[in-house]
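Every number here is computed from the coordinates shown, using simple stated rules; none is lab data. Quick caveat, the model's predicted, so the values are computed rather than measured. Cβ atoms come from the backbone with ideal geometry, glycine included; neighbour counts cover every protein chain shown.
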Amino acid sequence: MPFQASAATPRRAVTPAAFVHGVVAAYARYGGDPREALARAQVPADLATDARITAIQFEELAGHAMRELDDEALGWFSRKLPWGTYGMLCRASITAPNLEVALKRWCRHHRILTGDVLFELAVADDTATISLCETRDLGAFREFCLVTLLRYVLGYSCWAVDSAIALRVAEFPYAEPGHVSVYPTIFCKNVRFGGKRAAITFDRRYLALPLKRSADDLDRMLKGALRLTVLPYRRDRLLVERVRRMLRAARGHMLQADDLAGALALSTRTMHRRLREEATSLRELKEEAKLERARQELIRGRSPIKRIAELAGFRNEKSFSRAFRHWTGTSPREFRSRYR
């Protein structure tokens with residue numbers, strides 16, 4: 001199940017008791033007994049409302065409940081979704097050429113499963129948003145249902161394109177819950193409550209990523225599908241571009257590693273490691289940003305070379321000219337003359 005952040009471990013107790021109580025409520029709806037499921041997960045039946053359990057415990061609890069009750073929706077909807085239903089939803093999307101097509105299929109085919117909650121994908125200038133439209137009162141299941149559905153589609157998307165998808169914002173249509181501290185762990189730092197719908201928003205460029213998985217990969221994944229949403233992906237295939245964008249936006253003000261890592265919701269050490277995994281470094285990206293800024297100013301042709309050196313983040317004109325010749329094989333003045 002979907003209650004674990006990329007920064008956490010499966011043995012860290014982060015899943016709130018509210019979601020455990022959601023599973024117990026499913027048994028109550030169907031007149032079942034949750035004791036075996038709780039015992040398998042080593043979760044006490046009298047779990048305190050402010051308690052937490054580990055991702056592994058919750059995976060065991062929810063997985064057993066879904067099979068025993070034969071309802072992957074755990075009582076949320078007006079009818080059951082038999083065990084294997086979301087696997088069929090994954091199969092319907094796995095042949096898509098890219099994430100955008102896969103998500104459009106997910107939204108369309110989920111309506112075949114139930115009309116109680118409708119997925120919608122909206123694309124703006126630079127963002128994409130997956131939202132949930134409630135057409136039925138979900139009652140006490142509301143938070144558990146909406147959080148889980150968003151984590152399902154996010155977890156599947158990350159797996160399908162083999163990349164973490166960094167969320168810009170997560171929004172929910174209910175008041176801030178008492179266990180609000182778990183939300184940044186589940187989704188992202190920017191979480192809002194009291195909105196019109198449950199929704200997650202991210203950079204639209206993720207939509208263009210091709211799907212990396214085959215039908216055989218899907219068969220293997222479905223054997224442990226709940227683990228997929230318990231342990232989201234760490235590698236972000238747009239990380240380098242995100243760093244580039246922040247450096248460009250700084251317009252000559254050289255951001256420090258701590259500033260960039262904080263904006264990316266990563267530790268500084270993790271950011272450096274992941275940039276190395278992408279065959280680059282923060283130093284190289286900063287140099288690239290300097291070059292791009294200098295090129296833009298030279299093409300405009302208005303500022304003195306000394307001023308351009310300052311705007312690009314160099315101490316003096318001499319060091320700028322030396323670096324620019326190293327980058328381009330020509331001097332700043334020679335480069336500028338080509339655009340006059």
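How much mean residue ellipticity at 222 nm does the chain get from its helices, if each DSSP H run of length 4 or more adds -39500 (n - 2.57) and you divide by all residues, to the nearest 500 deg cm²/dmol?
So the calculated ellipticity at 222 nm is -15000 deg cm²/dmol.
Any idea how far apart LEU118 and MET88 come out in nm if each label point goes 7 Å out from Cα toward Cβ?
It is 2.1 nm.
Could you tell me what fraction of 2.2 N^0.38 Å the Cα radius of gyration of the range 239-337 comes to, as a two-decimal ratio?
Normalised by 2.2 N^0.38 Å, the Cα Rg of the range 239-337 equals 1.14.
Pick out which of ALA175, ALA37, ALA166 has the largest mean-square fluctuation in a Gaussian network model of the chain, springs linking Cα atoms closer than 10 Å.
Residue with maximal mean-square fluctuation among ALA175, ALA37, ALA166: ALA175.
Quick check on the exposure proxy: order SER78, SER321, SER267 from fewest to most C-beta atoms within 10 angstrom.
SER78, SER267, SER321
Of THR270, ALA312, GLN296, which is farthest towards the positive pole of the range 267-333's charge dipole, taken about the Cα centre with +1 and -1 on the beta-carbons of Lys, Arg and Asp, Glu respectively?
So the residue we want is ALA312.
Can you name the helices of the chain, as whole DSSP H runs, whose Cα span along the helix axis is 24 Å or more and whose Kyte-Doolittle mean is not below -1.0?
Helix filter hits for the chain: 142-161.
Going through the range 266-340, which chymotrypsin sites (Phe, Trp or Tyr not before Pro) have at most 12 other Cβ atoms within 10 Å and a DSSP loop state?
The qualifying sites are TYR339.
Have a look at the chain and give its Rg and Dmax from the Cα atoms, expressed in angstrom.
Final numbers for Rg and Dmax: 24.3, 81 Å.
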